[in-house]
Structures are given as structure tokens and as C-alpha cells.
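Below is one structure, written out as C-alpha cells, with a few remarks after it.
The values are calculated or read from the model by the stated rules, or taken from the named source; none is laboratory data. The model shown is predicted, which means the values in this text are computed figures rather than measured ones. Here the Cβ positions follow ideal geometry from the backbone for every residue, glycine too, while neighbour counts run over all protein chains shown. Protein only, heavy atoms only, side chains kept; ligands, DNA and RNA dropped before computing areas. Shrake-Rupley method; radii C 1.70, N 1.55, O 1.52, S 1.80 Å.
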Amino acid sequence: MTVNREEIAEKSLWVSLGSISGIGSQTFCHLLKAFGSPYNIYAATLSQLKEVVSANIANAISNQANQEPSAELAQWLGAPNNHLVTLADAEYPKALLEISDPPPYLYAKGNLALLNQPSIAIVGSRNASVQGEKNAEAFAYDLCQHGLCIVSGLALGIDGAAHRGALRADGATIAVVGTGLDIVYPAKHRELAHQIAERGLILSEFPLGTPSKPQNFPKRNRIISGLSLGCLVVEANVQSGSQITARMAAEQGREIFAIPGSIHSPMSKGCHQLIKQGAKLVDCIQDITEELKLQPRLNTTSSNTQIEQDSTSANLSEQLLLDTMGFEPAPLERLVTLTGLTVAEVSSMLMLLELDGKVASLTGGQYQKIM
């Protein structure tokens, strides 16, 4: 991939300006409003800069005026599917322009077209229950079927399950991370991150080489919520990053959804608190699709006959599974043996049937028909 030198020089000005101590997203945007572009900001006189920012920041800008373009950034942008998207670019997500402190630029790896696709955030506990992860994956899968891009933070637990659900649906997913894009955190999600980079998009506002720091994640969370029409909290305790994301989403005017759980589970207390505060209680996919006025995504590459055949086949398989289950609890392995279906087919149908309220997931990996 050939990178235009002029483009690298221009992108370097954005990164250089953002690296100056005291210039956060709001100060950066204030400077852009005053001068129009990073080039004009660096070309301004010291007295002109002091009319807009403090003397310390003005001096720092003047001292960097003749800085050479970043060789590290040039090398990174030269790799396939690596981008730096700035406020001046057409690809910059329009949804982020609605929040109070949009990042001036975003490092991106993957498909930039996803930045302006309708999206929903799915967040929750890193220490999620097995059922919580199943719920996150199932909801992500179904929401992709309604044309939404799934946005989350690549963390362990609910975040990872949400990304996996989107990928399983051949849908779109964006991972917003709290490190530089040359670092994968957590390391356990290295393979998942590679899949998202190939089939979705990974975003960060942090410079290359930035390690995982606790203070990075609240900043990361405002982008997760800002990109989205709404935020679904699957599991969360009362003091959690998911609560921060939900609060930011509410402040940004986004819809808040929460899945309830046992009154005895610490992982449900955060969701229950959100519901008490006005979040919409969610126990099926329709609770979200009706609120956001979504329609199922049609497979335009298939004929109507094929769609009808596929639908009929799926319905027959689901009915076979329900008939096999009866009303006695049964483990997944027994259901696979009795139906003759694959583990993947049975697992997928169980999640969908659970969302439809026809099947309950019990402890010990067992399932039971409830209607």
C-alpha cells in the first residue's frame, strides 16, 4: 500500500497537536473553531494562539511548529487497513459529532464504512456468568439480523461475547479499545481482535504504544456510547465501567436498555438500578427492536423461494428440538444425540428459543422447555 507523503504530513499535524499536554478533545476542537485546521494552528503567531488558549499551551504549539512528520505513524499507516480518521474526513462518524467532546481523530483498523452504520452498544461485566455471556452473544446475533452494528470494548466477559455474536451472524462489529492499536488488550482476545480487524473495525483515540491504563477506559466508554443509537447492559454490578457507559449514553441522549436477573446476583444489581432509573427492561429482542423501530434484515442475495425453504427448515428443526426436550431438564449433549443435529445447530436454536421465552437455561448446562 502506497501512502501519500502529503497525507502523512497532514495527519501527523493532528497527532502532534493532540500530543501536547493540556490539549484534550475540547481544547483541540476550540482551536479548530478558531483557526480551521492544524496547519493554520501551527502557522498562527504566539499572540494569536494566546487569545484562544493558555500561554503554556500556546508556547508548546509554537515550539512544535517545525516538527518533522512522525515516522512511526507513517509506517503504521502504510500497513493494510490502517487509518487515521480526523474531524476533517468524510468518514468521521456523524454520531460522534453529536456528543460534547468528540475525539479530534481516531486510529482505525478495518472497514471504515462501519463508522456511519446504525449501531448499538452491548456492554457488561468482565466477570460475567455463563448465562450472561450467552445472552450477550444471542442478542448481538439477533440485532445484527436487524441491520445493527454491534459496538463494544473487546474486554473479557460480556464485551467479547457481544463481538462473537456479531461475527457468528456475519454481521458488523466495532471494538473501541483503551490502548494504542498496536497493542491487543486483553491478550486472551488476540485472535478475536484479528477477526474483528478483518471483518469489522477496531478504534482507538490513544496514540500508538499506549498501554492499558485505568484512566483510559472511561474516555473509551464515551466513544462506545456515542457511536450508538442505544446501549444494552447485559450484566453489571453497581460500581462498574458498564454503569459509566450507560450514564454517558443517557447524557448523550441515547436509549438505555438493561437485562434483569436474580435479585441475589451482584451482576444483576447494576441492571436493576438502571431499570429503576428509567432504562427499558429487556427480556426479548422485540423490546429493543420496537423501541428503535427496526425491521429484520433481508437476505437480498437469495431468492424468495430459497428464503421460504430456509425458514421452513429452521422452523422444523426448532420444533424437533422442542418436541425432543419435553418439560424435563436435559443437557446439551443429550439434545444433540436425540435430535441428530450438530452442537452448533442446537446451541444456536437454544439461544433463539430462550430469547423467545420457549426455553429456560438451568444450572449445570441443562435446558428445559417452558411453554
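Observations on the model:
- Any chance TYR92 is under 18 Å from the mean Cα position of the chain (by Cα) and of a type in the set (Phe, Trp, Tyr): yes
- Hits in the range 6-63 - residues which are of a type in the set (Lys, Arg) and closer than 23 Å to THR210 by Cβ: LYS11
- Those helices (runs of 4 or more DSSP H) of the range 179-296 in which at least 3 residues are over 17 Å from the mean Cα position of the chain (by Cα), considering only elements entirely within it, cover 266-276, 286-291.
- Of all residues in the range 166-178, those that are in a helix (DSSP H, G or I) and open to solvent by 20 Å² or more (accessible area, probe 1.4 Å) total 1.
- Any hit, the range 46-54, residues being in a helix (DSSP H, G or I), open to solvent by 40 Å² or more (accessible area, probe 1.4 Å) and within 25 Å of MET248 (Cβ to Cβ): no
- Matching option when the condition is surrounded by 24 or more Cβ atoms within 10 Å (Cβ to Cβ) and over 14 Å from ILE223 (Cα atoms), among ASN127, ASN135: ASN135
- So PRO69, is it out of contact with any helix residue (DSSP H, G or I) (no Cβ under 9 Å at 6 or more places or on another chain) and either assigned to a loop (DSSP other than H, G, I, E, B) or touching a residue at least 12 places away in the same chain (Cβ under 8 Å) (or both): no
- Cβ pairs under 7 Å, 6+ apart, first in the range 41-65 and on the phi > 0 side of the Ramachandran plot, second charged (D, E, K, R): none
- Single unsatisfied condition, TYR92 versus (1) outside any loop (DSSP other than H, G, I, E, B); (2) surrounded by 12 or more Cβ atoms within 10 Å (Cβ to Cβ): (1)
- Residues that are among the polar types (S, T, N, Q), assigned to a strand (DSSP E or B) and closer than 18 Å to GLU198 by Cβ within the range 74-89 comprise just one, ASN82.
- Per the listing SER100, SER62, the residue uniquely part of a helix (DSSP H, G or I) and of a type in the set (Gly, Ala, Ser) is SER62.
- First in the range 152-178 and of a type in the set (D, E, K, R), second anywhere and open to solvent by 10 Å² or more (accessible area, probe 1.4 Å), Cβ under 6 Å, 6 or more apart: ARG164/GLU137; ARG168/TYR141
- Qualifying positions in the range 198-252 - open to solvent by 30 Å² or more (accessible area, probe 1.4 Å), under 27 Å from LYS134 (Cβ atoms) and acidic (Asp, Glu): GLU198
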